[in-house]
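Notes follow once the structure below has been shown.
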Amino acid sequence: MRQSGPRLGRPKPDPQLLAEEKKQFLDDQRQRNALEGKIGQGKRRYGLNLIREKLDTTQGPAIALNVLVMNLDKLLELPFVLLASWLQLVLARIAAFVSHAAVLNE
């Protein structure tokens with residue numbers, strides 16, 4: 001992640017250069033916001049704020065395991081969404097079949 005922000009000192013007289021720097025700053029802010037959001041989610045939902053290890057050799061694996069759990073949670077969400085949508089489709093077809101059969105029996 002790049003450190004960006006307004007330059008120190010007097011502003012440059014070139015407006016195009018200022019516009020490019022502003023665009024770069026806004027792009028960096030968007031990326032930083034997404035990353036900070038994921039860190040906040042890790043602290044709230046996955047206990048990332050509960051890590052008490054002090055050494056790098058123990059702190060690194062604890063953080064890595066939390067990130068692994070976050071990724072697995074996201075990956076396991078997809079099959080359940082697909083299963084739910086498939087069940088909804090099947091139930092809709094069964095309901096249509098039953099209503100069609102009821103109309104034919106009358």
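The HN-Hα couplings worked out from phi for segment 51-67 by the Karplus form 6.51 cos²θ - 1.76 cosθ + 1.60 (θ = phi - 60°) are 6, 10, 5, 10, 7, 5, 5, 9, 6, x, x, 5, 5, 4, 5, 5, 5 Hz, whole numbers, x standing for Gly and Pro.
Within the straight-line cut-off of under 15 Å between alpha carbons, the aspartates and glutamates reachable from K38 are D73, sequence neighbours fewer than 8 places apart in one chain being disregarded. Taking every alpha-carbon pair under 8 Å whose residues sit at least 6 apart, segment 1-85 reaches a relative contact order of 20 percent. If you take all other residues with their beta carbon under 14 Å from the beta carbon of D27, and give Lys and Arg +1 and Asp and Glu -1, the sum is +2. The lysines within cross-link reach of K54, meaning a Cα-to-Cα straight distance under 20 Å and a gap of 8 or more places when in the same chain, are K43.
Overall size of segment 22-89 from C-alpha positions, given as principal axis extents largest first: 50, 40, 17 Å.
Kirkwood's formula applied to the C-alpha pairs of segment 1-54 gives a hydrodynamic radius of 13.7 angstrom.
The modelled label-to-label distance for the pair V69/T57, using points 7 Å beyond Cα in the direction of Cβ, is 2.4 nm. A crude spin-label estimate for the pair A19 and A101, with each label 7 Å from Cα along the Cβ direction, gives 6.7 nm. For trypsin sites (Lys or Arg not before Pro), the sites in segment 37-106 that DSSP calls loop and that have at most 15 other Cβ atoms within 10 Å are R52, K54. Determine the calculated [θ] at 222 nm for the chain from helices alone, applying -39500 (n - 2.57) to every DSSP H run no shorter than 4 residues and normalising by the residue count; nearest 500 deg cm²/dmol. Here the helix-only value at 222 nm equals -28500 deg cm²/dmol.
We did not get these values from a lab; they are worked out from the coordinates using the rules stated. What you are looking at is a predicted structure, and each value in this text was computed from that prediction instead of being measured. Every residue, glycine as well, gets a Cβ built from its backbone with ideal geometry; the counts of neighbours run over all protein chains shown.
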